[in-house]
1. Could you check region B:102-154 and list, in sequence order, the residues that are over 19 Å from B:Ala222 (Cα atoms) and acidic (Asp, Glu)?
2. Looking only at residues that are facing another protein chain (nearest Cβ under 7 Å) and basic (Lys, Arg) in region A:75-111, which one is farthest from A:Leu146 (Cα to Cα)?
3. Anything in region B:124-151 that is touching a strand residue (DSSP E or B) at 6+ places or on another chain (Cβ under 9 Å), closer than 17 Å to B:Ala90 by Cα and part of a loop (DSSP other than H, G, I, E, B)? List them, or say none.
4. In this structure, does B:Ile300 turn out to be among the β-branched types (Val, Ile, Thr) and either surrounded by fewer than 17 Cβ atoms within 10 Å (Cβ to Cβ) or not in a helix (DSSP H, G or I) (or both)?
5. Considering B:Thr225, B:Thr209, which residue is more than 23 Å from B:Gly147 (Cβ to Cβ) and in contact with a Pro (Cβ under 7 Å, 6 or more places away or on another chain)?
6. Here are B:Phe30, B:Phe97, B:Phe60: which of them is within 23 Å of B:Ala284 (Cβ to Cβ) and either in a helix (DSSP H, G or I) or of a type outside the set (A, V, I, L, M) (or both)?
7. Being of a type outside the set (Lys, Arg), touching a residue at least 24 places away in the same chain (Cβ under 8 Å) and over 22 Å from A:Ile200 (Cβ atoms) narrows it down to one residue among A:Ile52, A:Ile78; which is it?
8. With (1) within 11 Å of chain B (Cβ to nearest Cβ); (2) over 16 Å from the mean Cα position of the chain (by Cα) as the list, and A:Gln55 as the residue in question, which single condition is left unmet?
Amino acid sequence: MKQKAIIETQGLVMRFGGVEVLRGIDFAIAYGELRCLIGPNGAGKSTFFKCITGQLKPTAGSIKFKDESVTAADAASIARRGMGIKTQVPSLYDGLTVREHIRLAASRRLFRHEVPSAVDEVLERFTIQHLAAQIVGRLAHGQRQLVEIAMVTASDPDLILLDEPAAGMTHQEVERLAELIHDLKGNHSLIIVEHDMQFIRMIAHDVTVFHQGRTLIEGDVQRVMSDERLRDVYLGRSAGE
Amino acid sequence: MTFRGSIIPVLCVIAAAATIVILPQVVELFTIINATIYASMAILTLSLALVWGYCGIICFGQTAFFGLGGYAYAVAAINFGDSTPAIALALLVPTLFAGLLGYFIFWGRVTDVYLGVITLTVTLILYKLFNATAGDAYHIGKAALGGFNGIPATPLMNLPWDRKTTLEPEDIWYVAATLLCLAYAFVRWLLSTSFGHLMVAIRENEHRTELLGYDPRRIKLAAFTLGGAMAGASGILFANCVFVSPTMFSLLYTAQVIVWVIIGGLGTLVGPVFACFLLQMITAELGRLNWLNPNFVLGIILIAFVLLMPSGILPTLQRIYDKFSWPILLRTERRRPAQ
């Protein structure tokens with residue numbers, strides 16, 4: 001039996017002038033599922049994220065999130081419905097502390113008296129208590145990535161989108177991140193854009209490959225990794241040649 | 001809260017109260033009137049420090065609300081013959097105007113320098129508009145708007161609902177100085193609330209705030225409207241120490257407030273208020289000495305600050321304090337100044 005989808009897009013098209021970045025994407029993931037999106041640069045992964053989070057309005061097609069159409073909804077209202085995103089380039093408040101970041105995210109969903117304990121819980125879960133009082137603008141790239149993921153988690157979204165979460169992280173940080181993602185998997189649905197194949201093998205069961213604005217391959221990670229077409233698109237050869 | 005953390009606010013309150021009470025006893029009337037003008041302008045500065053320094057809204061037209069507050073007060077006081085309802089109306093008019101203007105600006109997604117241009121343009125339109133109201137045809141009830149001359153006979157405040165007991169200049173000083181302290185305390189409190197944190201979040205990264213599920217337009221509109229109300233209150237006080245005229249909307253007044261906020265330190269509250277008092281005193285003294293054009297000197301001061309102390313007085317003093325103060329335990333992490 002087909003599982004109920006938390007997010008579903010049909011025929012999603014995004015055009016910038018004469019350039020068609022998304023060419024009719026049909027995509028769906030089920031509640032509680034973790035899916036990795038891979039594909040070479042320019043495949044349309046980040047644009048796809050921007051469309052489903054309301055940062056860009058698609059030229060054509062539809063987006064359904066938790067059974068409601070969000071095709072024309074703005075970013076704030078989609079976030080309030082339960083979607084959180086970690087952007088490709090960390091989008092943080094450089095003048096605020098780590099604790100203030102987590103508090104801002106938690107404050108939207110919780111009563112005032114519940115916020116401090118929720119903040120402490122997130123700091124502990126991500127083992128970043130020692131950074132709590134640090135100004136985020138002074139942190140290393142890997143730490144900033146972790147803070148952004150912690151902030152997104154603090155708002156307790158049903159669907160978490162992570163755009164290249166492991167980029168710029170040390171090997172230890174990547175391993176820790178993989179553990180955290182496994183923890184999150186039970187309570188949240190996740191879509192993760194990533195280029196690091198080793199990391200993908202650590203976290204994912206299912207993978208979708210984007211190529212030139214279309215879904216090229218979808219399925220089990222082992223099967224996709226051994227697919228000849230994947231090698232072709234990463235080497236710049238046209239898929240299926 | 002540490003001992004140092006608790007004693008400083010108490011000392012500040014005592015010092016402010018003592019200054020408010022003692023000043024009229026030790027200086028002449030002219031100085032009291034001047035100090036009242038400075039205090040009223042300091043409230044205007046505080047409103048811009050809040051809107052620009054903490055919420056990142058580049059509003060170059062804060063004097064639009066200041067002028068509207070002054071005019072609304074003068075017109076209403078002349079018609080009602082009592083300052084009590086006039087004050088209420090004079091607070092309402094700039095607040096509603098700010099709300100309406102803010103709605104179109106923020107829902108129209110106008111940001112950055114465009115926002116500055118639009119607010120400045122609105123102010124200059126009001127300047128032109130009120131300048132063109134000379135003649136008997138331009139009056140609201142009994143109040144003639146007076147064109148370039150404004151409304152010279154602006155009625156002074158009276159005790160609430162007691163139109164016969166008009167306040168003396170000393171009393172207006174007490175009102176203005178107390179209001180300034182209350183406005184400062186209110187803004188300080190506001191910044192400690194969740195709403196204040198959101199304002200700062202929007203200043204730092206509006207896009208991220210939206211992605212967390214907050215609607216920046218609503219928060220900016222609330223801050224902008226509140227700033228408009230504060231500027232309107234400042235206009236009422238100003239009307240009570242000088243009189244209302246289109247000059248309240250002029251480029252000179254608009255520029256002065258921006259200069260005070262920049263020199264005092266964008267992203268601080270005490271700095272702009274301090275710069276407002278200091279620069280007005282310097283300007284008044286230069287005007288009295290009649291050596292140089294005060295605006296020319298003000299321009300040189302601004303250029304000097306932009307080149308030598310771009311973050312303003314207060315952040316620079318904080319940095320110096322952090323660098324040289326011997327009790328290392330008292331050092332605190334300073335925030336990156338607002339851009």
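1. Once the filter is applied, which keeps residues that are over 19 Å from B:Ala222 (Cα atoms) and acidic (Asp, Glu), region B:102-154 yields only B:Asp136.
2. Of everything passing the filter in region A:75-111, A:Arg80 is farthest from A:Leu146 (Cα to Cα).
3. B:Leu145, B:Gly150
4. Considered against the rule, which asks whether it is among the β-branched types (Val, Ile, Thr) and either surrounded by fewer than 17 Cβ atoms within 10 Å (Cβ to Cβ) or not in a helix (DSSP H, G or I) (or both), B:Ile300 comes out as yes.
5. B:Thr209
6. Values: B:Phe97 fails: within 23 Å of B:Ala284 (Cβ to Cβ); B:Phe60 fails: within 23 Å of B:Ala284 (Cβ to Cβ).
The unique qualifying residue is B:Phe30.
7. Working: A:Ile52 fails: over 22 Å from A:Ile200 (Cβ atoms).
Exactly one residue qualifies, and that residue is A:Ile78.
8. Just one mismatch for A:Gln55, condition (2).
The values are calculated or read from the model by the stated rules, or taken from the named source; none is laboratory data. Quick caveat: nothing in here was measured; it's all calculated off a predicted structure. Neighbour counts run over all protein chains shown; Cβ positions are idealised from the backbone, glycine included.
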